[in-house]
Each structure stands twice: as C-alpha cells, then as structure tokens.
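Have a look at the structure below, then the notes.
The values are calculated or read from the model by the stated rules, or taken from the named source; none is laboratory data. Predicted model, so just to flag it, every value in this text is computed and none were measured. Here the Cβ positions follow ideal geometry from the backbone for every residue, glycine too, while neighbour counts run over all protein chains shown. Just the protein is used for accessible areas: all its heavy atoms, side chains included, with ligands, DNA and RNA removed. Shrake-Rupley method; radii C 1.70, N 1.55, O 1.52, S 1.80 Å.
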Amino acid sequence: MTIDLIVENGLLVFPEGVVKGDLAIEAGRILAIGSSTAFPRAERKVDASGKFVLPGAIDTHTHFELPFMGETPPETWEQGTIAASFGGTTTVLDFVIQDKGGKLMDAVRAKVERAGKLARVDFSLHGCFTDFSDIRSVVAEVKEAVEYGISSFKEFMIYKKQGWQIDDWNLHIVLREAQKYGAIVGVHAENASIGESMIDKCLEEGKVEPVYHALSKPNFVEEEAIQRAVGIAKFACARLYIVHMSTKEGVPLVRAARAAGLPVYSETCTHYLTLTDDVYRKPDGINFILSPPLRKKEDAEALWHGLDEGSVSMVGSDHVAYTSDQKKKHSKTFAEVPNGAPGVELRLPIVYSEGVQKRRLSLPRLVEVCSTNAAKMFGIYPRKGTLMPGSDADVVVLDPKLEKTIRAGDLHMGSDYTMFE
Ligand code: URP
Ligand code: ZN
Ligand code: ZN
C-alpha cells in the first residue's frame with residue numbers, strides 16, 4: 001500500500017501541547033500520527049524539521065464579495081480564499097445577509113452555489129436576518145437554516161441606516177429560536193441609538209475627518225451593547241458570542257458572564273490586537289475605517305490578556321477587501337466610507353508573530369484561538385480544528401525562523417493596501 005503524503009520531523013501542535021511526530025495523510029484525511037517508520041510508503045514527503053505543524057486555521061469572520069455602503073470589493077471568492085490559504089487559513093466562515101423582503105435561505109443557497117464554485121478552501125456560513133417585518137417567517141427560517149447546516153447567526157445591533165439593525169425584542173426571538181435547534185447567535189455589539197446619533201452630531205458640527213469615526217463610537221457604545229446582549233441572551237436562555245470585540249471593557253463583561261455560568265463567548269480581530277486609533281490621523285486614515293473602530297493600546301492589551309485567559313476564544317479577520325479607490329470614492333465624510341478592511345491572509349501570521357513570539361500566547365493557545373475553538377463552536381470539530389486521525393488533512397507548516405516584512409504588493413488578497421504594512 002502507498003499513501004499520499006507524509007509530513008515528517010515536525011513539532012505537532014495540539015491545544016493540549018506540542019509533540020514531535022509525523023503525520024500520514026491519505027485521501028484528504030489524516031490517517032495516522034506517530035513515527036513515519038511505522039507508516040506505509042508515501043507518494044510524497046514534506047520535511048517539517050524545525051517547523052511547527054498546526055491544524056488548518058479557521059477564520060471565523062470573512063466577508064467575500066460583500067455589497068455594503070455602496071461598494072462590493074472586486075476580490076472574488078476564488079482570490080480571497082487563495083489568499084486565505086497563503087496565510088494558513090483552510091476554512092472560512094462567511095456571512096449571508098438577508099435582503100429586505102427576501103428570504104435568508106434564498107441568499108444562503110445563492111451563496112453556497114457561488115462559493116461552492118469558486119472557494120479554494122472549505123467554507124461555512126453565518127446567517128444574518130435583517131428583515132423582521134414578518135417575525136413568523138424569521139422563526140421558520142431559523143429552523144430551516146439549522147436543518148440545512150447553518151450552525152450560527154450574526155445579528156447587527158447597529159447599522160440602522162444600512163437597514164441591518166435588529167431591535168432587542170427580535171434579538172431575543174432569534175436567540176431563543178437558534179438555541180432551540182442548537183445554533184449559536186453572535187452579535188455586532190454597538191449601541192445604535194448612541195453611536196448613530198453621535199455620528200450625526202459630528203457631521204452637523206462639520207467633523208468629517210476619519211478620526212471622528214473613532215470619536216463618534218467610543219468604548220461605551222460597545223460596552224453598553226455587550227451588557228444588553230448578555231442580559232437578553234440570559235433572558236432567552238441562549239448561548240451568545242460577541243463578534244469582533246474591540247474594547248477593554250468588553251473583556252471583563254464576558255469574563256463575568258462566564259463566571260456566572262452563562263454560555264457567553266467572544267471573538268476579537270487581528271486589527272484590534274495590533275493597531276490603535278492613531279491611524280485615523282494618517283493621510284490614508286480612511287483605509288482603517290471599520291466597525292467597531294480601532295481603539296487604544298490598553299484595549300489591545302486587555303484583548304491579548306482575554307485571549308490568554310479564555311474570555312476571548314477566537315480571532316477572526318473581519319476581512320472585507322475594499323480597494324483604496326473604493327474607500328476614496330466615499331470619503332467626503334467618515335460616515336460614508338464603506339466599513340471594512342482586508343485581513344484574511346495575515347491573521348495567523350500576525351497572531352503568531354505578535355502573540356506567540358512576544359510571549360502573550362502559548363503555541364497551543366494559538367491553535368485554540370485560531371482553529372480549535374471555532375471548530376468546536378460551529379460544529380465542525382473534530383473534522384476540523386485538530387490533527388487527529390480521521391480529521392481533514394488541513395495542515396499548516398509554520399516556519400518560526402522565517403522573517404518577512406508585510407508589503408501589500410506581496411500579498412494575494414484583492415485589495416491594493418493592507419492595514420498591517
Ligand atoms: O467594518 C466592518 N466590520 N465591516 C463589515 C461588516 C461587519 O460589521 O462585520
Ligand atoms: Zn459586524
Ligand atoms: Zn464583519
């Protein structure tokens with residue numbers, strides 16, 4: 001018998017620890033772990049001496065081909081997922097946003113068809129309801145979506161002007177229904193009333209520069225929404241996760257909820273861990289406009305601490321590959337700039353570099369927050385998120401000695417800039 005591939009001499013990284021060992025791979029699955037001397041002969045061998053071998057990273061938060069605020073990034077599912085794989089991400093969880101007057105499931109089927117043709121890595125989808133005019137239809141669609149294979153929903157507590165906002169009562173209904181069928185709901189936690197009124201106030205006062213994106217949505221805007229979402233989830237007896245959490249106030253709120261026995265989780269993003277709101281004063285400040293806004297160094301440090309201790313369990317990229325021209329086209333005021341920035345390719349390398357290399361995270365914890373926890377949360381473990389026999393052979397070989405300078409021109413994403421250059 002000959003098998004497809006052996007990855008040998010690497011340091012295999014599991015959430016439980018690191019072991020030296022070899023991987024035998026056959027037909028896209030891990031056949032065995034151990035010593036290659038005990039494996040059958042292989043068609044191909046990869047020598048991973050001096051390198052770490054990780055389960056493929058899972059990006060919990062991408063938006064490929066997202067039409068939002070008047071622009072759709074030119075990057076296709078194909079280009080975006082090729083970029084993902086260059087950065088060690090082998091599964092992406094993208095979002096399907098219901099059209100007003102349309103059915104979520106129609107959008108799900110359309111996206112599965114499109115991504116199914118183009119995606120070069122595995123994918124799954126979070127469902128996002130935006131039309132609550134017929135709540136019975138939403139209730140029916142939660143069940144239908146879960147039966148179809150959707151294991152999570154994301155609801156927007158802000159973006160009233162964009163027509164995506166959910167109110168507290170409807171959030172409670174989606175939470176309750178999702179829980180009934182075993183799915184989890186994530187929330188984009190920003191207080192719409194305060195956040196959007198502050199934006200209007202800035203505009204009225206002629207404060208239109210990118211820095212007002214951050215100033216109009218201070219930490220309190222996220223803090224209040226997290227607090228409210230946790231309360232609503234408790235009332236609905238439902239699991240909840242806070243999507244793209246950005247603040248130092250969010251971390252203790254999630255920690256306290258978990259300490260009280262509530263099933264509350266959170267995700268942060270690469271940019272909240274590594275960038276601060278100073279960037280909004282740069283000439284290309286519009287390129288950093290995303291929501292929630294970038295924060296301060298103390299917020300980033302609190303998020304690293306949360307990742308290490310467990311109150312933050314996942315890192316997503318919140319990838320939206322707008323080009324700088326698309327951003328510029330809408331730059332009359334900060335409020336019109338399409339929100340989002342590219343990042344799918346750099347998430348794992350940056351969390352490794354800034355987290356593991358700078359001793360904020362252990363290597364096993366890196367695997368948990370970039371892969372295993374997401375697999376468990378979204379129902380794809382142990383097929384994904386680990387290197388056990390029977391798991392998909394989504395394998396990343398990471399060279400800890402490789403040093404690279406990030407330059408937009410060297411990357412594979414569809415945008416012409418990166419926030420991390
Ligand atoms: O600014 C962002 N994050 N854009 C994408 C939509 C979202 O809220 O995730
Ligand atoms: Zn969001
Ligand atoms: Zn997002």
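Observations, loosely collected:
- Subset of segment 259-274 (residues that are touching a residue at least 12 places away in the same chain (Cβ under 8 Å) and surrounded by fewer than 19 Cβ atoms within 10 Å (Cβ to Cβ)): 262, 263
- Candidate set from segment 366-393 (those that are in contact with a helix residue (DSSP H, G or I) (Cβ under 8 Å, 6 or more places away or on another chain) and open to solvent by less than 30 Å² (accessible area, probe 1.4 Å)); member that is farthest from residue 186 (Cα to Cα): 386
- Only one entry in 302, 259 is modelled with pLDDT of 95 or more and in contact with a helix residue (DSSP H, G or I) (Cβ under 7 Å, 6 or more places away or on another chain), namely 302.
- Contact annotation: residue pairs with Cβ atoms under 7 Å, 6 or more positions apart or on different chains, pairing a residue in segment 374-398 that is within 11 Å of residue 58 (Cα to Cα) and in contact (Cβ under 8 Å) with a residue 12 or more places away in the chain with a partner that is open to solvent by less than 20 Å² (accessible area, probe 1.4 Å) and among the basic types (Lys, Arg), are 375/384; 394/384.
- The set of residues in segment 66-76 that are in contact with a helix residue (DSSP H, G or I) (Cβ under 9 Å, 6 or more places away or on another chain) and either more than 16 Å from ligand 1 (Cβ to nearest atom) or farther than 14 Å from residue 343 by Cα (or both) comprises 69, 70, 71, 72, 74, 76.
- Segment 87-138, subset outside any helix (DSSP H, G or I) and among the β-branched types (Val, Ile, Thr), residue surrounded by the most Cβ atoms within 10 Å (Cβ to Cβ): 92
- Residue within segment 143-153 that is open to solvent by less than 10 Å² (accessible area, probe 1.4 Å), touching a Cys at 6+ places or on another chain (Cβ under 9 Å) and free of Cβ contacts under 8 Å to residues at least 60 places away in the same chain present: yes
- Checked against the criteria, residue 172 does not count as touching a residue at least 12 places away in the same chain (Cβ under 8 Å) and under 17 Å from residue 253 (Cβ atoms).
- Considering 315, 344, the condition of being assigned to a strand (DSSP E or B) and within 16 Å of ligand 3 (Cβ to nearest atom) is satisfied by 315 alone.
- Residues in segment 275-316 that are surrounded by fewer than 19 Cβ atoms within 10 Å (Cβ to Cβ) and within 16 Å of ligand 2 (Cβ to nearest atom): 0 in all.
- Among (1) assigned to a loop (DSSP other than H, G, I, E, B); (2) in contact (Cβ under 8 Å) with a residue 60 or more places away in the chain; (3) of a type outside the set (Phe, Trp, Tyr); (4) open to solvent by 10 Å² or more (accessible area, probe 1.4 Å) - the single one residue 326 does not satisfy: (1)
- Among the residues of segment 396-421, the one identified as under 22 Å from residue 27 (Cα atoms) and open to solvent by less than 40 Å² (accessible area, probe 1.4 Å) is 396.
- For first residues located in segment 87-103 and over 16 Å from residue 349 (Cβ atoms), partners that are among the small types (Gly, Ala, Ser) and part of a strand (DSSP E or B) and lie 6+ apart or on another chain with Cβ distances below 7 Å form the pairs 93/124; 96/127.
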